[in-house]
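Trainee: Would you mind keeping the following structure in view while I ask a few things?
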Amino acid sequence: MYTFRKDVHPNGGNSLYTDKNRQAYEGRVSSVYRDRTGPSYQVSLLCACLFLHNCILSTSNRAFSWRRVLLNDASARVSGEVPGEPVISKRSGLLYEKRLIERHISEYGKCPITGEPLTMDDVVPVETGKIVKPRTVQTASIPGMLGMFQNEWDGLMLSNFALEQQLHTARQELSHALYQHDAACRVIARLRKERDEARSLLAQAERQTPMFTSEAVTANASVLSNGKRAAKDDDLGQPGKRVRPGISASIITELTDCNAALSQQRKKRQVPPTLAPIDALERYTQLSSHPLHRTSKPGILSIDIQYSKDIIATGGADATAVIFDRPSGQIASALSGHSKKVTSVKFVAEGEFFLTGSADKTVRVWQGSEDGNYDCRHILKDHTAEVQAVTVHATNNYFVTASLDNTWCFYDLSSGLCLTQVADTSKTDGYTSAAFHPDGLILGTGTSEAVVKIWDVKSQANVAKFEGHVGPVTAISFSENGYFLATAAHDSVKLWDLRKLKNFRTLNLYDSDTPTNSVEFDHSGSYLGISGSDIRVYQVGSVKADWNCIKTLPDLSGTGRATCVKFGPESKYIAVGSMDHNLRIFGLPEDGAPLES
């Protein structure tokens, strides 16, 4: 606190009492001391103490008022305000705000009032109490405070209105941006569609290049004497049907030679000694389960195995095909491109080609690379309904697709060119399954009208029909020796003798509400696998000998629908697909290997 000198005290000295106050105080004290025994003594003493306290407070208030006046007068020279942290100059005796005089000295190095040189060493801090600033006039009365609140409310309303305007503008800009984004997405979708159509047309043009070349040669030879070309009947074709080059004589020769070679080899072929024996199959159990497809659209509809590499392909209801490396237990590649479920998958035994058929009416030809990935080489759009089956010829140069549009197509694998498209005009039912005979000159197809048709590939003529099933024929399979044909439908599995063209055995496995989904001979022709509500393995017999069921595997998917079954190399394992998204491997566990429950 400040100490006051006599020349600045309002009374001219440092005494706390005036003469008048002293006389009054002494009179009160003398009167009290006259009667110290009475009860009024204590009251008088208390009054004297209160009087002394009031005198001290009055004197302190006057001293504080003088100190505030001094501070205001001193600081008004620089900031015009009472200093919060006052300092005083040793040279001039002037009072300053510390932060202001420090900045001024650092910039100019002299006193802001006198102009004399000044450093921070010449400035001494002054100790003072807390300065309480008086309230403004507006807050000194209730009307003033109401006016101040009204002004603040008006400012708040104006600010809120400005914020609402900004929000409305931001909403308009956001709506416009969303509209532009939606329009851009539609444009991108349209451009992608046009791009895909252009790619399809380009691929189709590339596939038909050999056909156009042969037609051009024929056209040049058909010029008349007057210089005009005669119209050929083949150029017109059937309404809505494309002109096909047909199966040429060279291709027929190739198919015939392949048939002769395979027939000769089959006579000398023996059952491989490494084939899994019957007692091993009787002990088969689930070895592993692999979730290959999405759970949003579960279901494995087709399975194929490439024996040379021991890789498994699955086609799913999620419109994807998955290449699975069984030895490593890893997915080698996932092939997407179809827009609907993949109904059939097929490896080409020799080479890196892989085929997929889909309910989107297309067939895709994929080619594998060294890194394990597959690239789509051709997209075939010759069918007008769902493609239900794909089967590869024994030459590995040609393949056939069967569709619900009541046609089957014969393709050249390398070019993807449809050489011929065969339609059976007798009925309007579509094809639900197809398979080549092991020798390659016979094609078997199953229809949605429970009929099995046998075709001569060279002439594309229907040479036999097998009837007797109930419901669509879901699968057909030829035995390796070429004598037997197994067909599956809603009612049962039927075995046909191709030498006498008659049914010699019917396997009624399930009740009337449970269809048989798949039937498959193993590669040696020793076992027959059937899938429905479970998986059953039969020992292949003969026309007269019994076909014994040697193993029944449960459907562990919980769906009650095992959709496809395939034997592994030498029947060392069995791959099963169901209506869940898992591929299951059944086999004989190795010594010490854990079993999957």
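The values are calculated or read from the model by the stated rules, or taken from the named source; none is laboratory data. Here the structure is a predicted model, which is why all the values come from computation and not from measurement. Counting neighbours? That spans all protein chains shown, and the Cβs are built from the backbone with ideal geometry, glycine included. Note: areas computed on protein heavy atoms with side chains; ligands, DNA, RNA excluded. Shrake-Rupley method; radii C 1.70, N 1.55, O 1.52, S 1.80 Å.
Trainee: Has the stretch 67-85 got any residue that is small (G, A, S), open to solvent by less than 50 Å² (accessible area, probe 1.4 Å), over 60 Å from the mean Cα position of the chain (by Cα) and at pLDDT 85 or above?
Mentor: Within the stretch 67-85, not a single residue is small (G, A, S), open to solvent by less than 50 Å² (accessible area, probe 1.4 Å), over 60 Å from the mean Cα position of the chain (by Cα) and at pLDDT 85 or above.
Trainee: How do the strands (runs of 3 or more DSSP E) wholly within the stretch 494-592 filter down when requiring 3 or more residues that are over 15 Å from I278 (Cβ atoms): which remain?
Mentor: Output list reads 502-507, 518-521, 562-567, 573-578, 582-587.
Trainee: Scan the stretch 331-341 and tell me whether some residue there is within 18 Å of T563 (Cα to Cα) and of a type outside the set (S, T, N, Q).
Mentor: yes
Rundown of residues vs (1) within 30 Å of V365 (Cα to Cα); (2) among the aromatic types (F, W, Y); (3) touching a strand residue (DSSP E or B) at 6+ places or on another chain (Cβ under 8 Å), yes/no style:
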| site | (1), (2), (3) |
| --- | --- |
| W153 | no, yes, no |
| L156 | no, no, no |
| N160 | no, no, no |
| E164 | no, no, no |
| E173 | no, no, no |
| L178 | no, no, no |
| L191 | yes, no, no |
| L201 | yes, no, no |
| A205 | yes, no, no |
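Trainee: Of the residues that sit in the stretch 305-316 and are surrounded by fewer than 22 Cβ atoms within 10 Å (Cβ to Cβ) and in contact (Cβ under 8 Å) with a residue 40 or more places away in the chain, which one is farthest from V576 (Cα to Cα)?
Mentor: The extreme case among them is S308.
Trainee: I would also like to ask the following. Out of the residues in the stretch 459-487 that are more than 21 Å from W547 (Cβ to Cβ) and of a type in the set (G, A, S), which is modelled with the lowest pLDDT?
Mentor: Across the stretch 459-487, the extreme among qualifying residues is G471.
Yes or no, residue by residue, for (1) among the acidic types (D, E); (2) not in a strand (DSSP E or B):
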position: K361; (1), (2): no, yes
position: R364; (1), (2): no, no
position: Q367; (1), (2): no, no
position: E370; (1), (2): yes, yes
position: R377; (1), (2): no, no
position: T384; (1), (2): no, yes
position: Q388; (1), (2): no, no
position: T391; (1), (2): no, no
position: N396; (1), (2): no, yes
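Trainee: Filtering the stretch 459-483 down to residues that are among the β-branched types (V, I, T) and assigned to a strand (DSSP E or B), which residue is least open to solvent (accessible area, probe 1.4 Å)?
Mentor: My answer is I476.
Trainee: I would also like to ask the following. Give me a count of the residues in the stretch 388-433 that are among the polar types (S, T, N, Q) and more than 36 Å from the chain's Cα centre (by Cα).
Mentor: Summing the residues that are among the polar types (S, T, N, Q) and more than 36 Å from the chain's Cα centre (by Cα) in the stretch 388-433 gives 10.
Per-residue answers, yes or no, for (1) open to solvent by 10 Å² or more (accessible area, probe 1.4 Å); (2) of a type in the set (S, T, N, Q):
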site: V390; (1), (2): no, no
site: W408; (1), (2): no, no
site: Y411; (1), (2): no, no
site: G416; (1), (2): no, no
site: Y431; (1), (2): no, no
site: A434; (1), (2): yes, no
site: H437; (1), (2): yes, no
site: L441; (1), (2): yes, no
site: T445; (1), (2): no, yes
